[in-house]
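A.B. asks: Starting off with a structure, shown below.
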Amino acid sequence: MSMNKVKVTIDGVTVSVPASYTILEAARAAGIMIPTLCYMKGINEVGACRVCLVEVVGGRSLAASCVSPVTEGMVVKTNTPRVRATRKSTLEMILSDHNRDCLACIRNGNCELQDLSELYGIRKISFEGAKSPTRYDDLSDSIVRDSSKCILCGRCVAACKKQDVNVLSFINRGFNTAIGPAYDISMADAPCTYCGQCIIACPVGALHEKEDSERVWAAIQDPNKHVVVQVAPAVRAALGEEFGQPIGTRVTGKMFAALRRMGFDKIYDTNFGADLTILEEGTELLNRIKNGGKLPMITSCSPGWIRFAEFYYPEFLDNLSTCKSPHQMEGAIIKSYYAERKGIDPKDIFTVSIMPCTSKKPEATRDEMFNPALGVRDVDAVLTTREIARMIKQTGIDFNKLPDEGPDQDLIGEYTGAAVIFGATGGVMEAALRTVADILEHKDLLDIEYTAVRGVDALIKEAELEIAGIKLRVAVAHSTAAARKLLDAIREGTAPQYHFIEIMGCSGGCVCGGGQPQVHAQVLMDIDLRAERAKALYEEDLLMPERKSHKNADLDALYKDFLGEPNSHLAHELLHTHYQQREIYPDSIMGE
Amino acid sequence: MGSTKTKTHDEQVTLLEQVIAKYQGQGRKALMQVLQEAQAIYGYLPLDVQRTVADGLGVSVAEVYGVITFYSFFSLNPKGAFEVSVCLGTACYVKGSQAILEKIEEELHIKAGECTPDGKFSINACRCIGACGLAPVIMVNEDVYGRLTPDQIPAILAKYKEA
């Protein structure tokens, strides 16, 4: 990229910016905010919505600032009567074919279109006429599509493309244009990973998670239900945003305090399940290496990644660790070990997982996540970070004034720093290495920070380590697009012989999962959300008295008193699973 | 159109594979060309053809479907032995071709763009066919019928039903 600088004058302010900048970026550098709607940095830069129009002096027509490069000596005006009037009528036209049921919309108060409507003082919609055909699809357990809200900005299509899943596309033409999978089939039947990046990208309420909060409220209020909640590590790195805290604020203590006040009977951290995962997965890896098992072994914590493999890379299903994901493991332990120790019938326990992820919802409803011996599901409901934030607000809690509390401390309350970093790309790998290295070296190693697998800049990270004379080659991929690249290279034989690979379905890992708070596209121009949120987790890791999963005392007791040892028969029954190839657009979608 | 009827399914599959092989390595860029040639082989672009094209070019079925539904040249449905083209060009439209189209849809129990289950008729709502002096106009394959009113439609279709 050229580092040449050019001088441009925007609304009378002259700035010197890199020649590669767009007018939008240059204006931002000059402290001038140009409104945007279809624009999403690095994802959707197409100039489709015409909301960011500006006047370039000497130009014939108004220019879309998000796609117009700056040139030396350019003079731009962003606030002329012509610009204002054009933006306003553009907004009115978008609103004329938009379901303006804002009060009953999941994005009420958090909608980029609503913000713009307010910003431009839209008081009436001058254009009334036909509405394009709409479709409401809530048949999947994860993603709801409401095309009556869709403004065809294309951000979801671009986000899906960025993931290299490409299940969403523009379909039809002209006024009948819609966004959906082929044949506009339900998301329940589409070859979708449910990563939810489309939801994160959607500026309006056209895409959102299937809500489960009412079911959870009902369980909390049911005196016959013992409701046990667990929270994934990534949630604490973003929940604060829903309460106005700066991005990257760690709210672990307030989060637990809030859950306690909401009336859950028992509050745990999914980090216990993460530590458990490391023991199971680390043991599985060592066994595969020792016994000539299928390598590379690939992590199985990310259900978006699992679905991606089941649809697109079925030949790698034997490479996947058989470990359930941490919250499923923890759910299984709550319904068995915990239930037994507490003398509660597992059927009376209702387990809730608070997750940064939209793919965890359908994961929990998979057939394999049902325990036939006990007649119960590992996890009864999954809530996203956004849903739990809304429920905390409904409880009437002043979140920011809460004291710091921790999870309940009995049986499965303890967790280590290794578990906390599960929420960031490279974290599962690092946590596994901390334990595997200790086991192989028969030592309590002090050098435990594997920085080579940290960070978000490279989508595929590699490291080669030597532990107790064993050469271990590992790789980390985040986003399904990166997974595709890595797996293609392995398939073609151009990749090195890895032993162990961590794959997370979303770029940055769980901290940027599809269930996390949506951040306004304008804010995303200035920060790397993935890095900001990950910092919170690495900070918590440093604060923990124990930073290796096998040092978790509650986990030690669980093995001693209940499971026996990692990968024992009982452990396999409760904590391991299997996968199935899934067909892409089978003929059955056509009906009849 | 007649020639596609004589190809067996296996021949069609082989021909499509040859088309895809011809554009190997070009990926998304070749999508339009491959779809055109695929439609020439099959007469339309059903789901299994879309899947084959998507796999062959390394694009998703949703993208393939998006392109097909964008361009009116591409058809998701087979054409009938008799294709009824209803001109919706300006002159015909002003002279009431919408009512003609609706009458045909009612008579054949299918919508524009669809084909009857027996494969006999399909309806194509088309743009100006250049016979504005005869508006409103329909064509059944190569036969032209002009200055129509909806009540003439059943008799016209009856001729082909018996054919």
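Just so it is clear, none of the values below were taken in a lab; they were calculated from the coordinates. Bear in mind the structure is a predicted one, so any value in this text is a computation, not a measurement. Neighbour counts are summed over all protein chains in view; Cβ atoms, including those assigned to glycine, are modelled from backbone coordinates with ideal geometry.
A.B. asks: Quick one: what are the phi-derived ³J(HN,Hα) couplings along segment A:297-312, Karplus 6.51/-1.76/1.60 with θ = phi - 60°, whole Hz, x for glycine and proline?
C.D. replies: 7, 10, 4, 10, 7, 9, x, x, 4, 4, 5, 4, 5, 5, 7, 10
A.B. asks: With a ≥ b ≥ c taken as the square roots of the eigenvalues of the C-alpha gyration tensor of segment A:1-65, please select rounded if a/c is under 1.5 and otherwise prolate if a/b is larger than b/c or oblate if it is not? Present the calculation step by step, with values, prior to reporting the outcome.
C.D. replies: Working: a/c = 1.67, a/b = 1.20, b/c = 1.39.
Judged from the Cα gyration tensor, segment A:1-65 comes out oblate (a/c at least 1.5, b/c at or above a/b).
A.B. asks: Quick one: helix A:252-262 against the long Cα principal axis of chain A, what's the angle to the nearest 10°, folded into 0 to 90?
C.D. replies: That helix lies at roughly 80 degrees to the long axis.
A.B. asks: Any chance you could check the Cα centroid distance between segment A:570-587 and segment A:203-223 for me, in angstrom?
C.D. replies: 26 Å
A.B. asks: Can you give the longest stretch of chain B with no exposed loop site, where a site means chymotrypsin sites (Phe, Trp or Tyr not before Pro) in a DSSP loop (not H, G, I, E or B) with at most 16 other C-beta atoms within 10 Å?
C.D. replies: With chymotrypsin sites (Phe, Trp or Tyr not before Pro) excluded where exposed in loops, chain B gives B:74-163 as its longest stretch.
A.B. asks: Please compute the contact order of segment A:5-94 in relative form: average sequence separation of alpha-carbon pairs under 8 Å and at least six residues apart, divided by the residue count, as a percent.
C.D. replies: It comes to 33 percent, rounded to a whole number.
A.B. asks: Let a ≥ b ≥ c be the square roots of the eigenvalues of the Cα gyration tensor of chain A; is it rounded (a/c under 1.5), or, if not, prolate (a/b larger than b/c) or oblate?
C.D. replies: Here chain A falls in the prolate category.
A.B. asks: Additional query: List the aspartates and glutamates whose alpha-carbon lies under 13 Å from that of A:Lys162, not counting same-chain residues fewer than 8 positions away?
C.D. replies: A:Glu45
A.B. asks: Same structure again: Take every Cα pair under 8 Å in chain A that's 6+ residues apart, average their separations, divide by the length, and report that relative contact order as a whole percent.
C.D. replies: That works out to 16 percent.
A.B. asks: A follow-up question, please. Whole-Hz ³J(HN,Hα) for each residue in segment A:91-107, computed from phi via Karplus 6.51 cos²θ - 1.76 cosθ + 1.60 with θ = phi - 60°, x for glycine and proline: what do you get?
C.D. replies: Per residue, the Karplus-derived 3J(HN,Hα) values read 4, 4, 5, 4, 5, 5, 10, 10, 5, 8, 8, 4, 5, 9, 9, 4, 9 Hz.
A.B. asks: Also, I was wondering about something else. List, in order, the whole-Hz ³J(HN,Hα) value for each residue of segment A:264-270 obtained from phi through the Karplus relation with A = 6.51, B = -1.76, C = 1.60 and θ = phi - 60°; use x for Gly and Pro.
C.D. replies: With coefficients 6.51, -1.76 and 1.60, one gets 5, 6, 8, 10, 10, 10, 4 Hz.
A.B. asks: Using a Förster distance of 25 angstrom, determine the FRET efficiency expected from the C-beta separation of A:His520 and A:Tyr136, and round it to 0.05.
C.D. replies: Values: r = 26 Å, r/R0 = 1.03.
Plugging the Cβ-Cβ distance into 1/(1 + (r/R0)^6) gives 0.45.
A.B. asks: Oh, and also: Given Cα positions, please report Rg to Rh for segment B:4-117, the hydrodynamic radius being the Kirkwood one.
C.D. replies: On the way: Rg = 16.6 Å, Rh = 15.7 Å.
Rounded to two decimals, Rg over Rh is 1.06.
A.B. asks: Kindly count the pairs of lysines across segment B:77-163 whose alpha carbons are less than 21 Å apart, treating pairs on different chains or eight or more residues apart as eligible.
C.D. replies: Within segment B:77-163, the lysine pair count is 16.
A.B. asks: Right, here's the next one. Between segment A:369-420 and segment A:119-178, what is the C-alpha centre distance in whole Å?
C.D. replies: Cα centres, segment A:369-420 to segment A:119-178: 33 Å.
A.B. asks: Hey, can you rank A:185-196, A:448-459, A:236-247 by average C-beta count inside 10 Å, highest first?
C.D. replies: Highest-to-lowest ranking by the protection proxy: A:185-196, A:236-247, A:448-459.
A.B. asks: In peptide A:574-585, what is the residue-averaged number of other protein chain Cβ atoms found within 10 Å of each Cβ?
C.D. replies: Numbers: counts 0, 0, 0, 0, 0, 0, 0, 0, 0, 0, 5, 9.
Other-chain Cβ atoms within 10 Å of each residue's Cβ, averaged: 1.
A.B. asks: Trypsin sites (Lys or Arg not before Pro) within segment A:150-223: which are DSSP loop residues with at most 15 other Cβ atoms inside 10 Å?
C.D. replies: A:Arg173
A.B. asks: Taking only C-alpha pairs under 8 Å that are 6+ residues apart, what is the relative contact order of segment A:477-592 in percent?
C.D. replies: Reported relative contact order: 16 percent.
A.B. asks: Whose amide H sits under 5 Å from the amide H of A:Ile298, counting only residues 5 or more places off or on another chain, with H placed in the peptide plane?
C.D. replies: Distant-sequence amide H within range of A:Ile298: A:Leu320, A:Ser321, A:Ile501.
A.B. asks: What is the distance in Å between the Cα centres of segment B:37-85 and segment A:445-467?
C.D. replies: 47 Å
A.B. asks: Under 5 Å between amide H atoms, partner at least 5 residues away or on a different chain: which partners does A:Ile171 have, H built in plane at 1.01 Å?
C.D. replies: Under 5 Å from the amide H of A:Ile171 lie the amide H atoms of A:Ala178, A:Ile179, A:Gly180, each far enough along the sequence or on another chain.
A.B. asks: If amide hydrogens are placed 1.01 Å from N in the peptide plane, which non-local residues have theirs closer than 5 Å to the one on A:Val144?
C.D. replies: Here the answer is A:His208, A:Glu209, A:Lys210, since their amide H atoms fall under 5 Å of that of A:Val144.
A.B. asks: Run the simple label-point estimate for B:Thr14 and A:Leu445 please: 7 Å along Cα→C-beta, distance reported in nm.
C.D. replies: Placing both labels 7 Å along Cα→Cβ, they lie 6.0 nm apart.
A.B. asks: Exposure proxy check: A:His572, A:His499, A:His327 ranked by fewest other beta carbons within 10 Å?
C.D. replies: In increasing order of surrounding Cβ atoms, one gets A:His572, A:His499, A:His327.
A.B. asks: Take peptides A:74-87, A:302-315 and line them up by average Cβ neighbours within 10 Å, highest first, as a rough protection proxy. Don't skip to the answer; put the middle values down first.
C.D. replies: Working: A:74-87: 16.1, A:302-315: 23.1.
Ranking the peptides A:74-87, A:302-315 by packing returns A:302-315, A:74-87.
A.B. asks: From other protein chains only, count the Cβ atoms within 10 Å of every residue's Cβ in B:48-56, then give the mean.
C.D. replies: Values: counts 3, 0, 3, 5, 0, 0, 4, 1, 0.
Mean inter-chain Cβ contacts per residue within 10 Å come to 2.
A.B. asks: Filter A:Lys210/A:Lys461; A:Lys7/A:Lys77; A:Lys161/B:Lys7 down to the pairs with a C-alpha to C-alpha distance above 26 Å, please. Before the final figure, lay out the partial values.
C.D. replies: Working: A:Lys210/A:Lys461 33 Å; A:Lys7/A:Lys77 15 Å; A:Lys161/B:Lys7 37 Å.
Going by Cα-Cα distance, A:Lys210/A:Lys461; A:Lys161/B:Lys7 fall outside the 26 Å limit.
A.B. asks: Then there is this: Are there cysteines in chain B with no second cysteine's Cβ under 4.7 Å away, and if so, which?
C.D. replies: Among the cysteines of chain B, those whose Cβ sits 4.7 Å or more from every other are B:Cys115, B:Cys126, B:Cys128, B:Cys132.
A.B. asks: To the nearest whole number, what is the average tally of beta carbon atoms from other chains within 10 Å of the beta carbons of peptide A:157-169?
C.D. replies: Values: counts 3, 0, 0, 2, 2, 0, 0, 1, 2, 8, 4, 4, 11.
The per-residue average across the peptide is 3.
A.B. asks: Can you give the angle from 0 to 90° between the axis of helix B:47-57 and the longest principal axis of chain B, with both taken from C-alpha atoms, to the nearest 10?
C.D. replies: For helix B:47-57, the angle is close to 40 degrees.
A.B. asks: I would also like to ask the following. By a straight-distance test (C-alpha under 22 Å), which lysines pair with A:Lys560 as possible cross-link partners, with residues fewer than eight away in the same chain excluded?
C.D. replies: Once the sequence-local lysines are set aside, what remains near A:Lys560 is A:Lys324, A:Lys335, A:Lys342, A:Lys443, A:Lys548, A:Lys551.
A.B. asks: Now for a different question. If packing is taken as the average count of other Cβ atoms within 10 Å, what order do A:523-536, A:265-278 fall into, highest mean first?
C.D. replies: Final packing ranking: A:265-278, A:523-536.
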